[in-house]
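The next block holds one structure in the form of structure tokens; read it before the comments.
The values are calculated or read from the model by the stated rules, or taken from the named source; none is laboratory data. In this text, all values refer to a predicted model and were calculated from it rather than measured experimentally. Cβ: placed from backbone, ideal geometry, glycine included. Neighbour counts: every protein chain shown. Each accessible area value is taken on the protein alone, full model and side chains, heavy atoms only, with ligands, DNA and RNA left out. Shrake-Rupley method; radii C 1.70, N 1.55, O 1.52, S 1.80 Å.
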Amino acid sequence: MKKILLIATGGTIASRKTGDGLAPSLTPQELLDRVPGVRDFCRVDTVQAMNLDSTNIAPEDWLTLGGIIEANYPAYDGFVLCHGTDTMAYTAAALSYLIQNTDKPIVLTGSQKPIDQEDTDARTNLTDSLRFATQGPSGVCIVFEGHVIAGTRAHKIRSKSYNAFSSINFPDLANLRDGRVVRYIPCPAPEGPPRFFHRLSRRVMLLKLIPGMPAEAFAAAGQLCDGLIIESYGVGGIPDVYLDQLDRLVRAGKTVIMATQVRQEGSDLSVYQVGHRLKERYGLLETYDMTLEATVTKLMWVLGQSRDPEVIHRLFLGPVNFDLLF
Ligand code: ASP
């Protein structure tokens, strides 16, 4: 029987009502006790990595989770992480960069309702995740409401309904229905042994453009970061009034990446003059079809590895766990 390590981090799935709202309190063993049927198909050990509402999750926690998986990698066939849904897409993307070439499934799940609530989605999601983790390689992924989504492609699209996550610009890897797994995208054979990374830069910022935003916002953001993601409009571009500010950031050695506020289909700076000039002048990086969660965590990973512009370009544009098709 396959051996799975269940790693609990908190989230709604492990929450109970308190006088001032839901707060995580259940242990991973208590979560496991709510799904006794999984004993039919796997053996599970548990570890409590942290017990947080995922609003509080930070890059240090991603490194902690990567470290727990690395330390236990030889002893288990797969890993299931219970996590709050609010930042689950960031954690799934971060782990996709921190753990590459994995030949063992690393599955994140959670729920919209606490596991002890009668109409909860938690028991199905946890059972599905443990089952999927016994089914061979899948890379880092999210299992939620029957969808199996690559760790770099997930986005939380609903704050309350059970079908909370969608796979952006990429199909589901697989679906689960009544315990049956239907795979759509085969997991590529790993090129060599698993690679664990141990550094992330926290000096990454996101600047979301709104019409009329003061130009000084660029300099303010630039002071706080080495890598700035500009979430612009449509296929991407910069309003004329910000060109000077952008020029200063690039000359100061900041890595600037153009992203778009449009969820589906991604950026293409080459289309309009407002974007084309940035490519011509600075060779600016853009996100293409990557999600924002993947872009943020990939930039943290890239800047954690190197400050050399050539290496930054190569790593950022190198596909990892299905994050980038262009
Ligand atoms: N606030 C909760 C969390 O992210 C929401 C959830 O788990 O669904 O921890």
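A few comments on the model shown:
- Mean Cα-pair separation over length for the range 11-60, i.e. relative contact order, pairs under 8 Å, 6 or more apart, %: 36
- When +1 charges are put on Lys and Arg Cβ atoms and -1 charges on Asp and Glu Cβ atoms, the dipole computed for the range 232-326 relative to its Cα centre reaches about 280 debye.
- One way to sum up the overall shape of the range 227-326 is the equivalent ellipsoid from its Cα gyration tensor, whose semi-axes run 20, 17, 11 Å, largest first.
- Taking the range 65-130 and dividing mean pair separation by its residue count, relative contact order in percent (alpha carbons under 8 Å, at least six apart): 32
- Taking the 1.4 Å solvent-accessible surface of the chain as the whole, the part contributed by carbon and sulfur is 51%.
- For LEU284, the residues whose modelled amide H falls within less than 5 Å of its own, excluding neighbours fewer than 5 places apart on the same chain, are LYS279.
- Label separation (ARG16 vs ALA252): 4.9 nm, computed from points 7 Å beyond Cα along the C-beta direction.
- The calculated FRET efficiency for MET213 paired with SER270, based on their beta-carbon distance and R0 = 22 Å, is about 0.35.
- Under the Debye formula (equal points on every Cα, no solvent term), log10 I(q)/I(0) of the range 12-108 at q = 0.18, 0.24 Å⁻¹: -0.92, -1.43
- Positive-end extreme of charge dipole, the chain - chosen from SER267, PHE144, LEU22 (charges on Cβ): PHE144
- For the range 94-194, the ratio of Cα radius of gyration to the globular rule of thumb 2.2 N^0.38 Å stands at 1.06.
- Nearest-ten-degree value, helix 122-133 long axis tilted from longest Cα axis of the chain: 80
- Under conditions of 37 °C and 0.692 mPa s, the range 183-285 yields 213 µm² s⁻¹ as its translational diffusion coefficient, taking Rh as the Kirkwood radius over Cα pairs in the Stokes-Einstein equation.
- Length-normalised contact order of the range 251-326 in % [C-alpha pairs under 8 Å, at least 6 apart]: 28
- Taking the Cα centre of the range 1-138 as origin and assigning +1 to Lys and Arg Cβ atoms and -1 to Asp and Glu Cβ atoms, the resulting dipole is close to 360 debye.
- Paired Rg and Dmax values of the range 84-140, which use every Cα atom, in angstrom: 12.6, 39
- The range 58-117 - Rg and Dmax from Cα coordinates, angstrom: 12.1, 38
- Each label point was placed 7 Å from the Cα along the Cα-to-Cβ direction; for ARG202 and SER306 their separation is 2.6 nm.
- Kirkwood hydrodynamic radius of the chain, from the reciprocal of the average inverse Cα-Cα distance over all distinct pairs: 20.4 Å.
- Per-pair calculated FRET efficiency, R0 = 25 Å: ASP119 and ARG180 via Cβ, rounded to 0.05: 0.60
- This model, with +1 at the C-beta of Lys and Arg and -1 at the C-beta of Asp and Glu, gives the chain a dipole about its Cα centre of some 280 debye.
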